[in-house]
Amino acid sequence: MTQIAMSSDAQNTAGVERLREILLSQDRAHLKTLELELQNLRHTIADKEALLASLNPVVADLLERKIASSGAEMAEIVAPLIGPAIKQQVAESKDEMVEALYPVIGQTVRRAVAEAMRKLVKQINERLDKAFNLQTTWARLKARMVGMPEPLAALPQVFPFTIEQLFLIDQRTGLLMAHAPAAPEHEHNGKLQMMSGMLTAIQDFTKDAFGSENAGDLHEVKYGDKMIFVAANPPAFLAAVTMGAAPLHFSDKLRGLLRRIHNTWHHELRAFDGEASTLQAVVAPMQKFLTIFSESVAASAEPKKRPDSHWYTTTVAKISYGVLLGMVFAGAAWFFWQSRATPPAAQAPVQAAAPPALLAAGPNLMRLEARLDGRVWMNVVTDNQDSTDFIFQRGEVYAWRARDHFRVAVGNAGQTELFLDGESLGLLGETQQSVRLLITHDGIVEKY
């Protein structure tokens, strides 16, 4: 009985195993397949080359879809990488970069130059139609007499000079004190403070670059087709944004405007704390300067039209004008030839008395007077406080007061004579020689 029972159990176990094999054979085969795929995936991940080969087609499609859906986001992500890559490529392969970009850049440059030349020719033709008049002819004749090229004489008519904006800027902070535009579109420009800060930064950079031992300020800045003229007189400087060929002595006129502003609003300029409304009254003389200068330039550039019925438009009058003009030219040429042919007579050195006092000297005050015999640049600092920095003309006399000392810089020592309390300080130097002086009650104590 025992053997029969054991045989029956064995048969049952074999049947169960057979049934299990029938039921799980497919799952076992599927599991083996998954194990093989998992091993292959692990091998692919471990092998970088195989991984890159498998991801290459997928990444290209992914980037294309991402750029199409989120172009701005992709540009922001990739931008930091493109700049250094281009710089490195240019540094390593300049010739290849030039060859690659030449067809595009060359064509762009040619088109830009051609367009600029067409505009220039059109502008010149339009201006020349107005410029050929009696006034321009007279300017050309004067240019011949003084040896100036004739085309330069017609420049003021062909390319008229205009002032676009005036800026009054605080030298200490770079803040805008006052602004006078020539056109309404410049009046509410949001970049005014940025422009004033830029000009101040350029001034500071120039002083730092050349060192503190080189006194002076930046007077002109060229920006594209515009010229910025700068006149300085601490604590502020005046900047004029212009276009065209500047007339003679324009810088001196700009300094004169700054001098008048400084004399009228001296205390307000010193106490400026960034509130432009405290200097609103300064805009009026700046705007007046713009108006007067624009009208004078326009009047000199445009010929005056006269009715044909007047007697001075007749042929006889024109011939008379021509004869009279010829006589004037002949006389001027003869005088010019005589002045060049005859040597000047020897002149004794001028030892003039001190000029009359312009500023009365008070108790313990020194009075320094300057008498100028030519065009002279001077910078005068009184007691380390007030500073004057201008270009003076021949025959002008200026005076300053101080309690302790003067620091004077002269750009033309040979044509400058200084008087301390009415007594001459002697010869300062040669013509066009630059000198620096420290003057106290004892006279000149330092000269270099």
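The values are calculated or read from the model by the stated rules, or taken from the named source; none is laboratory data. All values reported here derive from a predicted model rather than from experimental measurement. Ideal geometry is used to build each Cβ from the backbone, glycine not excepted, and the neighbour counts take in all protein chains shown.
Evaluate segment 381-403: report whether one residue or more is assigned to a loop (DSSP other than H, G, I, E, B), over 35 Å from the mean Cα position of the chain (by Cα) and modelled with pLDDT of 85 or more. For segment 381-403, residues assigned to a loop (DSSP other than H, G, I, E, B), over 35 Å from the mean Cα position of the chain (by Cα) and modelled with pLDDT of 85 or more: present.
Could you pull out the residue among VAL241, VAL283 that is at pLDDT 90 or above, of a type in the set (A, V, I, L, M, F, W, C) and surrounded by fewer than 18 Cβ atoms within 10 Å (Cβ to Cβ)? Before the answer, list the steps.
Numbers: VAL241 fails: surrounded by fewer than 18 Cβ atoms within 10 Å (Cβ to Cβ).
Within the list VAL241, VAL283, the selection yields VAL283.
Close Cβ contacts (under 6 Å, 6 or more residues apart or on different chains) running from residues in segment 174-185 that are assigned by TED's automatic domain parsing to the domain that holds ASN233 and on the phi < 0 side of the Ramachandran plot to residues that are of a type outside the set (A, V, I, L, M, F, W, C) and crowded, with 19+ Cβ neighbours inside 10 Å comprise LEU176/SER196; MET177/ASP170; PRO181/GLN165.
Of the set (1) farther than 30 Å from GLY274 by Cβ; (2) surrounded by fewer than 16 Cβ atoms within 10 Å (Cβ to Cβ); (3) modelled with pLDDT under 80, all apply to GLU185 but (1).
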